[in-house]
1. Please count how many residues of region 119-141 are part of a loop (DSSP other than H, G, I, E, B) and touching a residue at least 24 places away in the same chain (Cβ under 8 Å).
2. I'd like to verify a number: residues in region 164-216 that are of a type in the set (Asp, Glu), surrounded by fewer than 17 Cβ atoms within 10 Å (Cβ to Cβ) and part of a helix (DSSP H, G or I), how many?
3. Residue by residue through region 85-105, note down the ones that are in a helix (DSSP H, G or I), without any contact (Cβ under 8 Å) to a residue 12 or more places away in the chain and not aliphatic (A, V, I, L, M).
4. Kindly list the number of the only condition in (1) assigned to a helix (DSSP H, G or I); (2) surrounded by fewer than 19 Cβ atoms within 10 Å (Cβ to Cβ); (3) not aromatic (Phe, Trp, Tyr) that fails for residue 144.
5. For residue 86, state whether it is more than 28 Å from residue 197 (Cα to Cα), under 23 Å from the mean Cα position of the chain (by Cα) and not charged (D, E, K, R).
6. Restricting to region 147-160, name every residue that is outside any loop (DSSP other than H, G, I, E, B), over 14 Å from residue 286 (Cβ atoms) and not charged (D, E, K, R).
7. Among the candidates 30, 44, single out the residue that is surrounded by fewer than 12 Cβ atoms within 10 Å (Cβ to Cβ) and outside any loop (DSSP other than H, G, I, E, B).
Amino acid sequence: MDGFHQNEGVIVLGATNRRDDLDQALLRPGRFDVEVVVPTPDFGGRKEILTLYLAKILHKDIDIDTLARGTTGFTGADLENMVNQAALRAAIDGAEVVTMKHLESARDKVLMGPEKKARVPDEEANKITAYHEGGHAIVAYFTKESHPIHKVTIMPRGPSLGHTSYIPEKERYHVTKAQLLAMMDTMMGGRAAEELVFGPENITSGAGSDLKQATSIATHMVKDWGMSERVGLRTIEGAKGLQPSESLGPNTVEQVDAEIKKILSDSYERAKAILKAHPKEHKALAEALLKYETLDSEDVKAIMGGSKISQESKTS
């Protein structure tokens, strides 16, 4: 670094999570010219971090593998916070030890915000939410490339009236086109369920976040990942919001926009087709959500197999 003599034995270190905002002069040879990228922990790293923090609290029957698979993208600080929140939840509940229930609740709080104390008092709204979330779950369950279902709930959390969560079977380092389409189909399941059950005129604004995420995936597929036969193996740059520019003519803009719409429309139709093929399972899942509010993967599997969930197992 400028101003230091070579023989002083001083090593200057810096850290940032906003590399793009750094002045390029800082990165010239002789300055910060050696860079070490520190990504968020992978599956093995998350297991080690969770083991470290769990060793500091009393706990019982913790499935660290499941926790690690369900916390993709968490930093070390996120994992520490999750364990601390779980310990706090256990103390509030008067529990002697932290259990998976406390840790999963803490993870959901980190991901989606705090859970409301009770579901919405409007039962018609709860019915819509139950069928909406049931739609996500049905499409995910019957879509080969979808992540396994972890939990479905109609308990409000953060800005959401309900949520369907998934846990990947293994860490994904690449995402295939089939997996991306499966993600979009699952996202479309909520709106498709509303239309099929309540009619086209009674769809709600509850699918806003789903549509935003699906649109983002479809846009990346067409503009960035070369996954559109019509647009071809290219990236589309130089325009914000698909507006014509010097490097992007109006014909290309129309072509890209049409292809994004087609991908989303096809995804929606696939979701509707799955729901039309499984109305009995969809109804049973929605009714179980209205009764129990939250269902785990075993509950969903039982319902899909035509079995009933015991009241004792859900209230114990």
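1. 2
2. Applying the first criterion (of a type in the set (Asp, Glu)) to region 164-216 yields 169, 171, 185, 194-195, 201, 210.
So of that shortlist, the ones also surrounded by fewer than 17 Cβ atoms within 10 Å (Cβ to Cβ) come out as 169, 171, 201.
Right, trim to part of a helix (DSSP H, G or I) and you get 201.
Going through region 164-216 one residue at a time, the tally reaches 1.
3. Residues satisfying the conditions are 93, 101.
4. (1)
5. yes
6. Selection gives 149, 150, 160.
7. So the residue among 30, 44 that is surrounded by fewer than 12 Cβ atoms within 10 Å (Cβ to Cβ) and outside any loop (DSSP other than H, G, I, E, B) is 44.
A quick yes/no check of all residues on (1) in the same structural domain as residue 296 (by TED's automatic domain parsing); (2) surrounded by 12 or more Cβ atoms within 10 Å (Cβ to Cβ); (3) in contact with a helix residue (DSSP H, G or I) (Cβ under 8 Å, 6 or more places away or on another chain):
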position	(1), (2), (3)
16	no, no, no
48	no, yes, no
80	no, yes, yes
92	no, no, no
100	no, yes, yes
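The values are calculated or read from the model by the stated rules, or taken from the named source; none is laboratory data. Fair warning: this is a prediction, and the values are worked out from it, not measured in the lab. As a convention, Cβ positions derive from the backbone with ideal geometry for all residues, glycine included, and neighbour counts pool all protein chains shown.
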